[in-house]
Amino acid sequence: MIDAHIHIEFGEYTPEYIECMVNTALAKQIKELRILDHTHKFIEFKPIYDIIRLDPFNCNWYDRKRPVPLNDYLNFIVKIKQKDYPVKLRFGLEVCYFKEKEDELRTILNQYDFDFLIGSVHFIDGFGFDLSQENWEGKDINHLYRRYYEINISLIKSGLFTSLGHPDAIKLFEKYPDYSLTETYYRIARLLGEYNMETENNSGLIRYGFPYPGLNQEFLDILKKMKVKINRASDAHKIEDIGRMFNQLEI
Ligand SMILES: [Zn+2]
Ligand SMILES: [Zn+2]
């Protein structure tokens, strides 16, 4: 079993932290950990967030992040890869995708050689949909869903990523459009195949009080039918969440 999406986030770039991760993985019969951090954690990606920082709410969110140099992470990866662990470790990034910043992202990402890159949509035209439920007040839900999936489609077509992160995370506050998403799910599944990308069944929305872990059943069924490679993912931000609810995540 693989856990394909684990943040260091609040942890430290130390071998001791990795050892704790590895021990937790072993206890949960997980054979591979894909470890990452958000791009907002690194100074090199600050220009990518320019467009969302125009908004005071987003700016406040971003400015609390206190980014560090990417080299802190890269040097740590080199150090860890010199050691042997009883679990396979791969290192990557969860990249916040903005269509408007695709060229800049490409320039930055081309400089590095990560084991994997997850592309995720966290902002819809400047709206950080997972940052606050209150900010959904008065929003046009159909429009947000349409834009969310248009941006996901651009993300896939950018060719920058190996995997699409939490592809239905927009449902996190249980607000749903009044049109059918079936066609959209097929389109995403077809494109993932075309661009040779994986995706994930991610239990992370549980953190927001979402009622079930992972993908919408129809979306999952379509991804499986279209033979898209799906990985289980905890989106753990703390070690104890590695492998969270994997017994309930079908792939
Ligand atoms: Zn994410
Ligand atoms: Zn994540």
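A few remarks follow.
- Filtering His143, His166 for residues that are within 16 Å of ligand 1 (Cβ to nearest atom) and either assigned to a helix (DSSP H, G or I) or touching a residue at least 40 places away in the same chain (Cβ under 8 Å) (or both) leaves a single hit, His166.
- Enumeration of residues in region 51-68 that are within 25 Å of Phe116 (Cα to Cα) and out of contact with any Phe, Trp or Tyr (no Cβ under 7 Å at 6 or more places or on another chain): Lys65, Arg66
- Residue in region 218-241 that is among the basic types (Lys, Arg), within 16 Å of ligand 1 (Cβ to nearest atom) and open to solvent by less than 80 Å² (accessible area, probe 1.4 Å) present: yes
- Any hit, region 116-127, residues being open to solvent by less than 30 Å² (accessible area, probe 1.4 Å), within 17 Å of Ile8 (Cβ to Cβ) and of a type in the set (Ser, Thr, Tyr): yes
- The residues in region 194-206 that are in a helix (DSSP H, G or I) and surrounded by 15 or more Cβ atoms within 10 Å (Cβ to Cβ) can be counted, and the count is 4.
The values are calculated or read from the model by the stated rules, or taken from the named source; none is laboratory data. The structure displayed is predicted, hence computed values, not measured ones. Cβ sites come from the backbone with ideal geometry, for glycine too, and all protein chains shown count toward neighbours. Protein only, heavy atoms only, side chains kept; ligands, DNA and RNA dropped before computing areas. Shrake-Rupley method; radii C 1.70, N 1.55, O 1.52, S 1.80 Å.
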